[in-house]
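What follows is a single structure, written as structure tokens, with notes after it.
The values are calculated or read from the model by the stated rules, or taken from the named source; none is laboratory data. Quantities reported herein were computed from a predicted structural model and do not represent experimental measurements. Just so you know, the surface numbers come from the protein's heavy atoms only, side chains and all, with ligands and any DNA or RNA stripped out. Shrake-Rupley method; radii C 1.70, N 1.55, O 1.52, S 1.80 Å.
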Amino acid sequence: MSSRPLVPGLIAEGEADEGFLGIVISRQLRELTWMSPYAVDVEATEVVSCDREHLVTALEELAADCHLLFTHDDERERRRRDGVRYHSHYLVPVIGLGETEGWLLADPGAWAKLEGSDLSRLPARPRDVERISDPAGVLATTVPRRGKPARDYFEYIGRNIDLAVLAQVPAYANWVAETRNALKGLGYL
């Protein structure tokens, strides 16, 4: 049986997006398509970093190569109920990620594997990461070696965070549901 490629694209707003979200998106898509009636080959997430002014250009660039695009919600899109919108003549689903900064902090187990991590400020329940007013500050106190940039750990956490734990964060669960619907619409599920 031949496999269908699935290329995700991400409009990144910063280093956490590139190092963490790009990996988590590919991992989650593999998990979602695991039960597909088709063999789906989820490729690495294509990432383009840009500011708001260049968002449409970045979407156009990624839409030419990707089947599914992810970006952060802007204020206008947050009011939409379905979360999924289609961009341009490519009709590529664009799914909003919402606030993702706290997602890195949802699984203390991933941080516990890094010797020297300080887990004291991580919430007891994954869903409570959405209540953290300063995720960057909590992240800075959690990383094993003070003074070493938090970004040095983004890729590791992206590869090792438990997706089932992450799914207990309401915004993440919503994103997964919207992504599943988009995959159904595209005929992957």
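Taking a temperature of 37 °C and a viscosity of 0.692 mPa s, what whole-number D in µm²/s does Stokes-Einstein yield for the chain with Rh from Kirkwood over alpha carbon pairs?
On the way: Rh = 17.1 Å.
Once the numbers are plugged in, D ends up at 192 µm²/s.
Given a 1.4 angstrom probe, what's the average accessible area per residue across the chain, in square angstrom?
The answer is 51 Å² per residue.
Find the relative contact order for the chain and round it to a whole percent, using C-alpha pairs within less than 8 Å whose residues are 6+ positions apart.
Once normalised by length, the contact order is 24 percent.
At a 1.4 Å probe radius, carbon and sulfur cover how many percent of the accessible area of the chain?
Ligands and nucleic acids excluded, carbon and sulfur reach 49 percent.
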